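The values are calculated or read from the model by the stated rules, or taken from the named source; none is laboratory data. These numbers were taken from a predicted model, which means no experiment stands behind them. For neighbour counting, all protein chains shown are included, and Cβ atoms are generated from backbone atoms with ideal geometry for every residue, glycine included.
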Amino acid sequence: MDSNGEPVTAPPNATFDTLLVLDFGSQYSHLITRRLRDLQIYSELLPCTANVLDLSWKPKGVILSGGPYSVYEKGAPHVDWTQLSQLDIPILGICYGLQEIAWHHDNKNVLAGEKREYGHAKLKIEKHKGEAAHVDKLFNGLGNDLDVWMSHGDKLSHLPASFSIIADTPNAPFAGIVHGTKPYYGIQFHPEVSHTPKGIELLRNFAVDICMVRQHWTMEEFVGKEISRIRTLVGEKGQVIGAVSGGVDSTVAAKLMHEAIGGRFHAVLVDNGLLRQDEAKIVHKTLTNHFGIQLTVVDASQRFLGELKGVTDPEQKRKTIGRNFIDVFQEEAHKLEKAAANSPNAGDIEWLLQGTLYPDVIESISFKGPSQTIKSHHNVGGLPAAMHLKLIEPLRELFKDEVRILGTKLGIPEHLVWRHPFPGPGLAIRVLGEATEPQLRIVRQADKIFIDELVANDLYRKTSQAFAALLPVRAVGVIGDKREHGQIISLRAVETTDFMTAVRSHFDIENRTFLDRVSSRITNEVEGITRVVYDITSKPPGTIEME
Ligand code: GLN
């Protein structure tokens with residue numbers, strides 16, 4: 001029940017003040033949403049082609065993102081300006097978004113500049129005393145000069161009618177513009193990137209002072225609403241089944257379900273033989289002994305390893321694992337369903353819990369031109385349809401760090417909440433080439449050494465994801481005075497905030513000898529390994545995992 005005594009089934013955009021980000025395909029679009037969340041402002045992203053008048057909720061303001069296109073190009077994406085202006089709410093255009101606002105007011109005033117502008121710029125803020133009150137609000141309190149980040153090639157040739165200049169740089173005379181009577185703002189630079197240090201304050205000015213949103217998006221507020229939303233959705237007797245993996249997302253989702261419906265939530269851990277050292281035992285201990293969650297561990301390792309025999313192609317590995325996962329999970333669900341049907345106080349299993357996060361949602365809805373799948377993601381996407389189950393996704397609106405805060409609120413221990421992500425296909429994609437049992441054993445041992453050392457040296461939390469992979473080549477080494485043609489372990493450790501881009505961890509600067517120590521432990525303790533290398537590739541062009 002909410003404060004009016006109404007049952008809550010509504011998603012956050014119905015109960016929190018919400019800003020809408022319309023995406024024109026910029027690589028930074030998701031960051032706008034992310035920064036607003038840092039300000040405890042709820043924000044959602046939709047493609048620029050969304051019908052904003054058909055939404056079930058009303059945004060308090062709209063931000064038009066940047067984008068790789070040029071507004072004057074044939075086929076360039078455009079927002080339906082008539083619809084957008086009918087919402088009668090403030091609008092902020094960033095880069096392409098600024099050009100889009102200008103173009104909708106006068107489709108001749110955007111053109112290609114003589115040169116691209118990429119990098120830092122000094123912005124001068126122009127004050128407009130005596131004009132309408134909203135005019136100076138965007139840059140209010142930010143000083144007279146601002147360090148900003150630019151990334152554009154097009155420019156405005158002249159101001160659209162009714163607009164005036166609120167900021168400029170030597171190179172961009174229309175770096176900030178505002179409509180004379182309406183709260184429409186456009187800026188040529190990117191406030192959402194960390195290279196614009198006061199960007200967050202500008203976003204706050206827009207959201208709080210111009211759109212009048214409340215900064216009430218906190219996990220304290222969310223958790224109570226979400227638990228009652230789950231209870232209302234599932235009903236008095238409904239039951240939910242969900243897969244857990246030991247990762248933070250499925251653990252938090254499971255704990256939340258348990259808080260909401262107790263024993264009517266059934267967790268299943270499929271041990272596919274591709275898990276890390278002692279993983280199944282640890283998950284069982286945490287979920288069952290500590291949290292009291294109903295958990296079934298299914299040992300299907302022989303089945304998975306059998307199916308993976310001879311498979312070396314990364315995509316085929318992922319697909320084989322995904323398909324078998326669905327089969328095993330489904331078999332287990334049928335057993336649980338039968339048992340559930342016999343329990344006197346509970347109804348059928350109608351729901352499938354999934355730990356989908358907001359970046360997955362963004363990835364699937366954001367505006368892109370022709371794009372291609374980089375890797376197929378292992379998820380249980382095929383499950384709900386095959387099993388006639390309805391999906392329940394309590395983390396669907398959350399970013400990873402929000403999930404972590406939520407997990408902490410729910411009493412999940414710190415080492416679990418801060419666990420690095422682990423891929424669904426598990427160690428199979430960290431053994432390059434065929435994932436056989438002996439090869440998996442090697443990578444498992446090496447991984448454990450690496451992770452244990454990270455923890456022992458207080459580096460685990462400083463890296464976002466770290467692992468060992470086994471390369472499918474051999475190199476010569478000398479072990480105990482004997483020539484050995486052994487295998488190679490590749491270590492990878494990256495730092496990232498959103499996993500969309502990443503750089504390798506620079507252990508060499510702060511912790512000069514750390515990698516030496518890991519390397520020497522691995523070559524000493526893991527049989528068959530004669531060489532250890534450190535992967536220094538960034539993402540892009542690399543991906544975080546090897547396959
Ligand atoms: N394509 C537009 C330009 O080059 C917009 C770029 C952007 O939004 N970052 O000016």
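Only residues in the stretch 238-259 that are within 17 Å of Leu391 (Cα to Cα) and touching a residue at least 12 places away in the same chain (Cβ under 8 Å) count as the first member; pair them with residues that are basic (Lys, Arg) and outside any loop (DSSP other than H, G, I, E, B), Cβ under 9 angstrom, at least 6 apart or cross-chain, and list the lot.
Filtered contacts from the stretch 238-259: Gly238/Arg264; Gln239/Arg264; Val240/Arg264; Asp249/Lys400; Val252/Arg404; Met257/Arg264.
Can you spot a residue in the stretch 293-312 that is among the charged types (D, E, K, R), at pLDDT below 95 and more than 24 Å from the chain's Cα centre (by Cα)?
no
Which residues, taken from the stretch 502-547, are assigned to a helix (DSSP H, G or I), among the aliphatic types (A, V, I, L, M) and surrounded by 14 or more Cβ atoms within 10 Å (Cβ to Cβ)?
Leu515, Val518, Ile522
Condition check: crowded, with 22+ Cβ neighbours inside 10 Å and either within 17 Å of Arg318 (Cβ to Cβ) or in contact with an Asp or Glu (Cβ under 9 Å, 6 or more places away or on another chain) (or both). Does Pro421 satisfy that?
No; evaluated as a whole, the condition is false for this residue.
What is the number of the single condition among (1) in contact with a strand residue (DSSP E or B) (Cβ under 8 Å, 6 or more places away or on another chain); (2) small (Gly, Ala, Ser); (3) on the phi > 0 side of the Ramachandran plot that Gly25 does not meet?
Every listed condition holds for Gly25 apart from (1).
Within the stretch 40-88, track down each residue that is within 16 Å of the ligand (Cβ to nearest atom), outside any loop (DSSP other than H, G, I, E, B) and among the hydroxyl-bearing types (Ser, Thr, Tyr).
Answer for the stretch 40-88, where residues must be within 16 Å of the ligand (Cβ to nearest atom), outside any loop (DSSP other than H, G, I, E, B) and among the hydroxyl-bearing types (Ser, Thr, Tyr): there is none.
Please tell me if Gly143 is among the small types (Gly, Ala, Ser), assigned to a loop (DSSP other than H, G, I, E, B) and surrounded by fewer than 17 Cβ atoms within 10 Å (Cβ to Cβ).
yes
How about the stretch 90-140: which of its residues are farther than 19 Å from Phe206 by Cβ, more than 16 Å from the ligand (Cβ to nearest atom) and either free of Cβ contacts under 8 Å to residues at least 24 places away in the same chain or assigned to a helix (DSSP H, G or I) (or both)?
His105, Lys129, Gly130
For the list (1) within 25 Å of Phe367 (Cα to Cα); (2) in a strand (DSSP E or B); (3) away from the ligand (no atom under 16 Å from the Cβ), I need the number of the one condition that Gly153 fails.
Going through the list (1) within 25 Å of Phe367 (Cα to Cα); (2) in a strand (DSSP E or B); (3) away from the ligand (no atom under 16 Å from the Cβ), Gly153 breaks only (3).
Does His190 qualify as being in a loop (DSSP other than H, G, I, E, B), of a type outside the set (A, V, I, L, M, F, W, C) and within 13 Å of the ligand (Cβ to nearest atom)?
In short, yes.
Looking only at residues in the stretch 45-63 that are farther than 15 Å from Gln215 by Cβ and crowded, with 22+ Cβ neighbours inside 10 Å, which one is nearest to the chain's Cα centre (by Cα)?
Leu45
Confirm whether Lys285 is free of Cβ contacts under 8 Å to residues at least 60 places away in the same chain, part of a helix (DSSP H, G or I), closer than 22 Å to Arg419 by Cα and not hydrophobic (A, V, I, L, M, F, W, C).
yes
Does Ser520 fit the bill of being in contact with an Asp or Glu (Cβ under 7 Å, 6 or more places away or on another chain) and within 26 Å of Asp458 (Cα to Cα)?
no
From Gly66, Gly75, Gly25, grab the single residue that is small (Gly, Ala, Ser) and either crowded, with 23+ Cβ neighbours inside 10 Å or touching a His at 6+ places or on another chain (Cβ under 8 Å) (or both).
The match here is Gly66.
When you go through (1) touching a helix residue (DSSP H, G or I) at 6+ places or on another chain (Cβ under 6 Å); (2) over 29 Å from Val431 (Cα atoms); (3) of a type in the set (Lys, Arg) one by one for Lys317, which number turns out not to apply?
Of everything listed in (1) touching a helix residue (DSSP H, G or I) at 6+ places or on another chain (Cβ under 6 Å); (2) over 29 Å from Val431 (Cα atoms); (3) of a type in the set (Lys, Arg), Lys317 misses just condition (2).
Report yes if some residue within the stretch 220-233 is among the small types (Gly, Ala, Ser) and part of a strand (DSSP E or B); otherwise report no.
No: the stretch 220-233 contains no residue that is among the small types (Gly, Ala, Ser) and part of a strand (DSSP E or B).
Quick test for you: out of Pro197, Pro170, Pro183, pick the one residue that is away from the ligand (no atom under 15 Å from the Cβ) and touching an Asp or Glu at 6+ places or on another chain (Cβ under 7 Å).
It is Pro197.
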